[in-house]
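Working notes, beginning with the structure itself.
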Amino acid sequence: MISGSKTKSPLMWVVHLSVLMLVLLWTLPTIGLFVSSIRDKDQLAVSGWWTALFSSEQNVIGRSVDPEDQVFKDGLYVLQGNVLEQDGNSGTIKAFGWRAQEPAAFKVGETADMRRDRKMTVESDGSYTITQPEEWTGKRGKRIFYTIETPPIFTLDNYREVLTAEGIGQSFVNSLTVTIPSTVIPILIAAFASYALAWMHFPGRAVLIAVVVGLLVVPLQMSLIPLLRLYNGVGSFFGVPAKTYLGIWLAHTGFGLPLAVYLLRNYISELPREIIESARVDGASHFDIFVKIILPLSFPALASFAIFQFLWVWNDLLVAMVFLGNTEDQLVLTGRLREMLGSRGGNWEILTASAFITIIVPLGVFFTLQRYLVRGLLAGSVKGG
Amino acid sequence: MEQLASALGTVIVGVLACVAYFYGSNWLLDRVFPANAASAEKGIKNLQIAHAVRPWLFLGPALLTLGLYLVYPALDSVRLSFYNSDSTQFVGLDNYVWLWFDDGFRQSMFNNMLWLIFVPAMSTFFGLVIAALTDRIWWGNIAKSLIFMPMAISFIGASIIWKFVYEYRGEGSAQIGILNAIVEALGGDPQAWITIPFWNNFFLMIILVWIQTGFAMVILSAALRGIPEETIEAATIDGANGVQIFFLIMVPQIWKTIAVVWTTITITVLKVFDIVFAMTNGQWDTQVLANYMYDWMFRGGGDFGRGATIAVIIMLLVVPIMIWNIRSATRDSKGH
């Protein structure tokens, strides 16, 4: 574009730097989610995801063995054992202490002088000895404060857990069940209508096009209550459940149609007139023209709409909450995520892994079919102005 | 799996039914009104009838679905807004009067206005800046692709992503939310951001800006590329610098596209539901119209009258844009 300034501008590095900053700003939240989802859940809870590649440190309070297990050695009464094994922790110990005020006052291997000639030593592998000249009394062991350093742990355990125990696997299937028919059915209906609106002459055509443009922006909220009443009415009249997959397929078809008709009509009306007219002259019917010429030529527009509709249905929460139930075999991914936000609010290992499974499908579609998406966006918006 | 099979089955049945309908109805039309009838006069007459009927065969299923799922419900919502909670009794303007004095509604309106100003403005601004900057560097397309990416993420997924960014841990424990970690590193005090009234609205809006900027960027980038090179060259020769060229030469030429982007995002903002629903559900003074509508629709068994009234308000806010869209679309097709 401003090709001349590409090389001579001394401020080019400012452009590079600002774009880099913006890209980081836009991608870091998602990267944080992904990194967190493959971290060990104990580490995730105590340290930020940006520290994932470094060892994490954790302060722990443990206790020695009870006085009844003491041994007598070299004139001293000794409490000994391995504090890591006793507490079930892994990692290496960096420091220890015997008072809450100074939980990391001593390095491993040092001998800490406690009150009344008591001495404590803790090694990096967790083994400790606490000695005193007199016999230990009392019921409980002495407290040991220590700092463990754990190497970074990456794991797929979070994914394993959400896919099975948390029901994300089932919801994934439910989401697919909603999405596939809801994407395919409107395409065909819209394609026929678009052809009529683009290439057939009949009274009221201009009005219908205007109506479709108007319906493009009608908020979904306007449809919810009457349709909910309608579905409940149909359900109780025929004695069938009101919340069914068939219901949501049709609802998504209806809500997606304005965009489908609008995009496809714009595209089909710009196909070269000569092709269609020469086919007419050769005696082809409208139906033949549509199937043999229009459909194959409109593939890019069909693909654009299919991607839009797929993303919109897969990512939809509102329609699914109103027209589908909360049961195991109907809860879609977005609904499940929303439920987890309430019930598992603090369990970030579950939330991050679930969220990532939810967004991986649309992201895959996005990155492989991006050019159709861009083309559709341009056709859908620039035209209006 | 059985369920998926039934979904795939539906796709096949649906597609076959569509094909059967379109093929069958066209075939029937040609049979009932054949062009090669007994007399030439009759044949012409038949052709004319078939010609008049055929468009409606093509349009039929689409018009039926649009009517049932959009037109009829929209009209019915207006009707229901004059009825009581279970739609059994006509109550006149009661729902609207209630709305006028309702604190929740006032708060939703106020917040929606904030959203309407902030989100389209910021998305368009960032979209324009990024479009202009990325056009000048060799890795611009990669950068654009990455900034465009949030478009594919669901609002609820985005809410989880950003809830993690805003995550707050009490004094003394390490912050695992990156925003609080940065604030702490800069010497500030960590906050539970989404519970601070008024400002928390902006933390929610940022999520939508994050999603919508990619859309603005894609459209505006295409518009910028459509600017005739000569205008820029002329300005360069006249000694204009980069910033001047951008604001005085380029932006005025894509003014119309900016308006389209702005209005499209405005529509999205008016319908925004998932983000508020997932992040706060309207607590801490973050209520917006769409969430408030959902709330009334199901609250205490559902108050359809009040819910419909709030939906009508959302619709009224959309109407100006709708008219503007229809006018520019019809102007376009006339020029065709």
Query raised in the report: Consider B:LEU116 against the criteria (1) over 30 Å from A:PHE290 (Cβ atoms); (2) within 13 Å of chain A (Cβ to nearest Cβ); (3) in contact with a Leu (Cβ under 9 Å, 6 or more places away or on another chain): it satisfies all of them except one. Which criterion is unmet?
Result: (2)
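Scan the stretch A:343-353 for residues that are modelled with pLDDT of 80 or more and within 10 Å of another protein chain (Cβ to nearest Cβ) and report the count.
Counting residues in the stretch A:343-353 that are modelled with pLDDT of 80 or more and within 10 Å of another protein chain (Cβ to nearest Cβ) gives 3.
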Requested in this report: Could you tell me whether any residue of the stretch A:59-70 is touching a helix residue (DSSP H, G or I) at 6+ places or on another chain (Cβ under 7 Å) and surrounded by 15 or more Cβ atoms within 10 Å (Cβ to Cβ)?
Outcome: yes
Requested in this report: Identify, from the list B:SER87, B:SER108, the residue that is over 24 Å from A:PHE290 (Cβ atoms) and within 12 Å of chain A (Cβ to nearest Cβ).
Outcome: B:SER87
Report task. Can you run down the residue pairs with Cβ atoms below 6 Å, 6 or more apart or on separate chains, where the first is in the stretch A:157-181 and closer than 15 Å to A:ASP329 by Cα and the partner is among the aliphatic types (A, V, I, L, M) and open to solvent by 60 Å² or more (accessible area, probe 1.4 Å)? Result -> A:GLY169/A:LEU163
Query raised in the report: Taking A:ILE31, is it open to solvent by 60 Å² or more (accessible area, probe 1.4 Å) and within 30 Å of B:TYR166 (Cα to Cα)?
Result: yes
Query - One residue from A:PHE356, A:PHE308 being farther than 25 Å from A:GLU270 by Cα and either within 15 Å of the chain's Cα centre (by Cα) or more than 7 Å from chain B (Cβ to nearest Cβ) (or both) - result: A:PHE356
Report task. Name every residue in the stretch A:99-118 that is open to solvent by 70 Å² or more (accessible area, probe 1.4 Å) and farther than 17 Å from A:ARG63 by Cβ, in order of residue number. Result -> A:GLN101, A:GLU102, A:LYS107, A:GLU110, A:THR111, A:ASP113, A:ARG115, A:ARG116, A:ASP117
Requested in this report: Find the helices (runs of 4 or more DSSP H) located wholly in the stretch A:1-104 whose residues include 2 or more that are within 13 Å of chain B (Cβ to nearest Cβ) and not β-branched (Val, Ile, Thr), and list them.
Outcome: A:5-8, A:12-37, A:41-46
Query raised in the report: So which of A:LEU246, A:LEU230 is over 16 Å from B:GLY67 (Cβ atoms), open to solvent by 10 Å² or more (accessible area, probe 1.4 Å), without any contact (Cβ under 8 Å) to a residue 24 or more places away in the chain and facing another protein chain (nearest Cβ under 9 Å)?
Result: A:LEU246
Report task. Only residues in the stretch B:8-33 that are at the interface with chain A (Cβ under 9 Å from one of its Cβ atoms) count as the first member; pair them with residues that are among the basic types (Lys, Arg) and open to solvent by less than 90 Å² (accessible area, probe 1.4 Å), Cβ under 8 angstrom, at least 6 apart or cross-chain, and list the lot. Result -> B:ASN26/B:ARG54
Requested in this report: Please tell me if A:GLY239 is farther than 30 Å from B:PRO320 by Cα, open to solvent by less than 10 Å² (accessible area, probe 1.4 Å) and more than 8 Å from chain B (Cβ to nearest Cβ).
Outcome: no
Query raised in the report: In this structure, does B:MET122 turn out to be modelled with pLDDT of 90 or more, buried (at least 17 other Cβ atoms within 10 Å of the Cβ) and aliphatic (A, V, I, L, M)?
Result: yes
Requested in this report: Within the stretch A:303-321, identify whether any single residue is open to solvent by 60 Å² or more (accessible area, probe 1.4 Å) and without any contact (Cβ under 8 Å) to a residue 12 or more places away in the chain, and answer yes or no.
Outcome: no
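The values are calculated or read from the model by the stated rules, or taken from the named source; none is laboratory data. All of these numbers come straight from a predicted model, not from anything done at the bench. Quick reminder, even Gly has a Cβ in these numbers, built from the backbone with ideal geometry, and neighbours come from all protein chains shown. Heavy atoms of the whole protein, side chains included, go into the accessibility calculation; ligands, DNA and RNA do not. Shrake-Rupley method; radii C 1.70, N 1.55, O 1.52, S 1.80 Å.
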